[in-house]
Amino acid sequence: MRPVMRACLASFSFLAAATPLAAVDAQAPASPAAPPTRVAIRAGRLIDGLGGAPITDAVILVEGDRITAVGKGLAIPSGARVIDLSRSTVLPGFIDAHTHVTSQPENYLEDLFRKSPIDVAVTAHVYARRTLEAGFTTIRDVGAGEFIDVALRNAINNGTVAGPRMQVATLTVGSTGGHGDITGFSPYLKFGQFSGIADGIAEIRKLVRFEVKNGADVIKMLASAGVLSEEESVGAPQFTQEEMNAVVDEAAMWGRKVAAHAHGAEAIKRALRAGVASIEHASLIDDEGIRLAKEKGAYLVMDIYNDDYIMSEYKRLGYPQKILDKEALVGRLQRENFQRAVQAGVKLAFGTDAGVYPHGWNGKQFAKMVQYGMTPMQAIQSATVNGADLLGWSDRVGSVRVGRFADLVAVDGDPLTDITQLERVQFVMKGGVVYRTGGQPVTTAAR
Ligand SMILES: [Zn+2]
């Protein structure tokens, strides 16, 4: 989506800023000397993310924020608090590798002209909490204005705000007139914002350095034109090969991976040749692009749910006809190409472009992925182990294994026979703290 989009939900005031304090062990006095909380989770069925058959009657032991033991029928240590999910399926907390959690669109022109970055900053925590309560305990947020994503990530990390673990991209790196620019308006309009626009190698290197300096965990490059912006073509490249190489080279120097927004076949191939970690959208990928992605070990992150939402809500969202025409072209082809990518065995990570549709609906994409060729287990792995691998966080999230964060979700029934169960997460734990139980969010007071 357009990374500078300024959206705001009108009715946010009923949701107070929340902390993760009141949960599993909320009544215990906080003391630095206290031993970590011990929790034993009984799981009727455990899908650990690693792809093997589900483990029935599993027990997961948690101390503090980490998993310390996992297995079938483990003894429960004395003194441990027991969470009984013996009639549920437990899975690793999900990872959405393509979100814009700081905002969501209400109306194309009003969002642009009537909202300021402060509106976005004030409401961003609401969307973070909804995402977490939907079972997405980790997100890679790939584009936000004004470093609001950095502030949100930091507030979550220090416990002031409830939300998923976040990797953030800050401003996107795009060209003049490209997807990250504000195009289609009077040339006399000026927006007083940080610019994610860079043309030529020197400007690109400087922008990447500026983003890293101000908190970027990952760099988001806009390799091609976009859908929800008014430049003419949807797939045309917006950087030269040399410019894309410079983005990846500069990011690597600072230890950062690059995620490339690319719809068109040529832009996808340039980005892959440059060495990006992932292609976002990948809507019009061709056979050579699929071959290159496999050869380079790059992930495709294909947001194949949100077309349904955009096409059904376009009147309320106020998109110009030009944008609708682009969405209509890309939506169907992207799903067909997703199916080809699955068949070809390309690495795929779950990413939805949440923020284009309402936050918290992330799980709706699972059913689309199964409809277009994945097995339910493949779809689950795209949002667990694969997402963790793409983020470089396999040592901490994405699987139910000893040493990983106790990030767990539970659903009724068996998602391997009814994938839509993942849209109705009943239980959410992040870092040993419960944020949803019995299907209901755990409400907590502000700190
Ligand atoms: Zn996006």
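The values are calculated or read from the model by the stated rules, or taken from the named source; none is laboratory data. Small disclaimer: the values here were computed from a predicted structure and weren't measured. In this analysis, Cβ positions are derived from the backbone assuming ideal geometry, glycine residues included, and neighbour counts consider all displayed protein chains.
Taking region 111-155, which residues are assigned to a helix (DSSP H, G or I) and under 20 Å from HIS179 (Cβ atoms)?
ASP111, LEU112, PHE113, PRO117, VAL120, ILE148, ASP149, listed by residue number.
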Hey, does region 356-372 have a residue that's small (Gly, Ala, Ser), closer than 13 Å to LEU300 by Cα and crowded, with 19+ Cβ neighbours inside 10 Å? no
Are there helices (runs of 4 or more DSSP H) fully within region 213-315 with at least 2 residues that are out of contact with any Cys (no Cβ under 7 Å at 6 or more places or on another chain) and of a type in the set (S, T, N, Q)? List them. 241-253
Cβ-Cβ under 6 Å pairs, at least 6 apart or on other chains, region 40-57 side among the hydroxyl-bearing types (Ser, Thr, Tyr), far side modelled with pLDDT of 95 or more: THR56/ARG45
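Among the candidates ALA225, ALA251, single out the residue that is crowded, with 23+ Cβ neighbours inside 10 Å, at pLDDT below 95 and of a type outside the set (Lys, Arg).
Exactly one residue qualifies, and that residue is ALA225.
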Going through region 56-80 in order, the residues found to be under 11 Å from ARG42 (Cα atoms) and not β-branched (Val, Ile, Thr) are ASP57, ALA58, LEU61, GLY71, LYS72, GLY73, LEU74, ALA75
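Which residue out of GLY235, GLY226, GLY255, GLY264 is among the small types (Gly, Ala, Ser), free of Cβ contacts under 8 Å to residues at least 24 places away in the same chain and either within 18 Å of ARG140 (Cβ to Cβ) or within 16 Å of the ligand (Cβ to nearest atom) (or both)?
Every option except GLY255 fails the conditions.
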Residues located in region 286-299, provided they are hydrophobic (A, V, I, L, M, F, W, C) and either closer than 21 Å to THR99 by Cα or surrounded by fewer than 24 Cβ atoms within 10 Å (Cβ to Cβ) (or both): ILE290, LEU292, ALA298
Among residues belonging to region 93-110 that are in a strand (DSSP E or B) and under 8 Å from the mean Cα position of the chain (by Cα), point out the one that is farthest from the ligand (Cβ to nearest atom). ILE95
Residues of region 156-172 being away from the ligand (no atom under 16 Å from the Cβ), in a loop (DSSP other than H, G, I, E, B) and touching a residue at least 40 places away in the same chain (Cβ under 8 Å), which ones? GLY159, THR160, VAL161, ALA162, GLY163, PRO164
If only one of VAL126, VAL150 is farther than 30 Å from PRO415 by Cβ, more than 15 Å from the ligand (Cβ to nearest atom) and of a type in the set (Val, Ile, Thr), which one is it? VAL150
Any residue that is of a type in the set (Phe, Trp, Tyr), over 23 Å from GLY438 (Cα atoms) and free of Cβ contacts under 8 Å to residues at least 12 places away in the same chain - is there at least one of those in region 102-115? yes
Determine, yes or no, whether LYS347 is of a type in the set (Lys, Arg), modelled with pLDDT of 95 or more and more than 26 Å from GLY52 (Cβ to Cβ). no
By residue number, the members of region 270-296 that are touching a Gly at 6+ places or on another chain (Cβ under 9 Å) and not hydrophobic (A, V, I, L, M, F, W, C) are SER278, GLU280, HIS281, SER283, LYS294, LYS296
Output for region 154-213, where each listed residue is basic (Lys, Arg) and modelled with pLDDT under 95: LYS190
Just a yes or no: is a residue in region 192-205 among the aliphatic types (A, V, I, L, M), farther than 20 Å from LEU112 by Cβ and under 17 Å from the mean Cα position of the chain (by Cα)? no
